[in-house]
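Just below is one structure, and these are the notes that go with it.
The values are calculated or read from the model by the stated rules, or taken from the named source; none is laboratory data. Note that the structure is predicted; figures quoted are calculated from it, not measured. For neighbour counting, all protein chains shown are included, and Cβ atoms are generated from backbone atoms with ideal geometry for every residue, glycine included. Accessible surface areas use protein heavy atoms only, side chains included; no ligands, DNA or RNA. Shrake-Rupley method; radii C 1.70, N 1.55, O 1.52, S 1.80 Å.
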Amino acid sequence: MFINDSSRRGLFGRFVAGLARTRQGLVGQIERLFGSNTPSVEDLETLEELLIAADFGPALAQQLMTPLRDRLGRRDLSSLDQVEAALKQGILTVLNGTAHPPSSENHQTRPKILLFLGINGSGKTTTIGKFANRLINEGGLVVLAGADTFRAAAIEQLQLWGRRVGADVICHQAGADPSAVVFDAVQAACSRGASHLLIDTAGRLHTKRNLMEELKKIQRVVSRQIPDAPHERILVLDGTSGLNALVQARHFHEAVGLTGLILTKLDGTAKGGVVVAIADQLKLPITYVGLGEGVDDLQPFVPETFTDALFARS
Ligand SMILES: Nc1nc2c(ncn2[C@@H]2O[C@H](COP(=O)(O)OP(=O)(O)OP(=O)(O)O)[C@@H](O)[C@H]2O)c(=O)[nH]1
Ligand SMILES: [Mg+2]
């Protein structure tokens, strides 16, 4: 996705608002800690605890602290600005160390097929609605597949999003075989000349073997119709579920080979450090983040914007 200067400024504002809780919890405390006095060894201990409390995870928190401790030892760390700059740099290095997401602009095949996965309530259906809206605003023709045939009202929820954003929805009755829905949806997307097919799946616990097998079956059905599809396999993670997200991601990655992650509900948590922990541990690209429930609240994840917004002064 091409992001010009003015949309980057808009993006920054959204990240500033969406990360308010994490910023208050983490950066607010850092300002109190280092605002008026020279950093001490004990202050750096407290900073490490703050990072852990914001869900950066103990290993990453320690890793981020190492350069700060070295600098303090060399008497080269004397102000809040220096502490923040060093921390920001460390976070950015981790975020920039992940794999690059597959480029959607250069994608030749139509339709491009994206499979959305995740545990119950992580935000899959909402994310699909918001994502479809983005694609349609960019001129795309989008079809949605209601392959969550399990949860009551899941099909209606997707249909509502379809009407709201202007996307066709292919679905069967509740209780139908999800693979059969997906088969029909691929046919429909091809015959309608759709640019994208977004597949909504039922929430599933990563520990349930049969449900993970069902995902593989969906994948097989799609790839039999279009050999290199599904082109993206995106895990939707609830940002408020903390480091649990790491365990989920590992299981889903093993089952389907994820191409990217979307973290939702960052607006609802003071533990936004989980974004950095996930990037550090999994090295999978975080493509978008959910910063609210509204149709415009799915935003591309730009590491620099994330870090700048995290440390923005009000
Ligand atoms: N604040 C906030 N709420 C969100 C965000 N994304 C999703 N939600 C809310 O999270 C709840 C669950 O979202 P769904 O999209 O239904 O989640 P799901 O993964 O499809 O759930 P199942 O299909 O039951 O597994 C809804 O109330 C959404 O409005 C977000 O980025 N921020
Ligand atoms: Mg759903």
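Summary table
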{"item": "Relative contact order for the range 112-302, counting Cα pairs under 8 Å that sit 6 or more residues apart, in percent", "result": "25"}
{"item": "Volume per residue that the Cα convex hull of the range 5-96 spans, once the total is divided by residue count, Å³", "result": "108"}
{"item": "Computed accessible area, residue 125, all protein chains, 1.4 angstrom probe, square angstrom", "result": "10"}
{"item": "Kirkwood Rh in Å, taken over the range 111-186 so that all alpha-carbon pairs contribute", "result": "12.5"}
{"item": "Spacing of the two label points (7 Å from each Cα toward its C-beta) at residue 216 and residue 41, in nm", "result": "5.3"}
{"item": "Within the range 31-53, backbone nitrogen closer than 13 Å to the virtual label 7 Å beyond the Cα of residue 79 toward Cβ", "result": "35-39"}
{"item": "Qualifying aspartates and glutamates (Cα of each under 12 Å from Cα of residue 216; at least 8 residues distant if same chain)", "result": "254"}
{"item": "Added length on full extension, which subtracts the Cα-Cα distance from 0.36 nm per residue, residue 138 to residue 70", "result": "19.7 nm"}
{"item": "Computed over the range 239-314, the ratio Rg/Rh where both radii use C-alpha atoms and Rh is Kirkwood", "result": "0.97"}
{"item": "Nitroxide proxy distance, nm - points 7 Å out along Cα→Cβ at residue 173 and residue 160", "result": "2.4"}
{"item": "Sequence-distant lysines (8 or more away, or on other chains) whose Cα lies within less than 28 Å of residue 217", "result": "112, 124, 130, 208, 283"}
{"item": "Accessible surface of residue 170 - all protein chains present, 1.4 Å probe, nearest 10 Å²", "result": "20"}
{"item": "Distance from the range 19-95 to the range 127-150 (C-alpha centre basis), Å", "result": "40"}
{"item": "The chain, Rg to Rh (Cα coordinates; Rh as Kirkwood inverse mean 1/r)", "result": "1.02"}
{"item": "Calculated Rg and Dmax of the range 63-206 using C-alpha coordinates, Å", "result": "21.9, 68"}
{"item": "Solvent exposure of the range 112-302 as accessible area per residue, Å², 1.4 Å probe", "result": "38"}
{"item": "The range 286-314 and the range 212-268: distance between their alpha carbon centers, rounded to Å", "result": "21"}
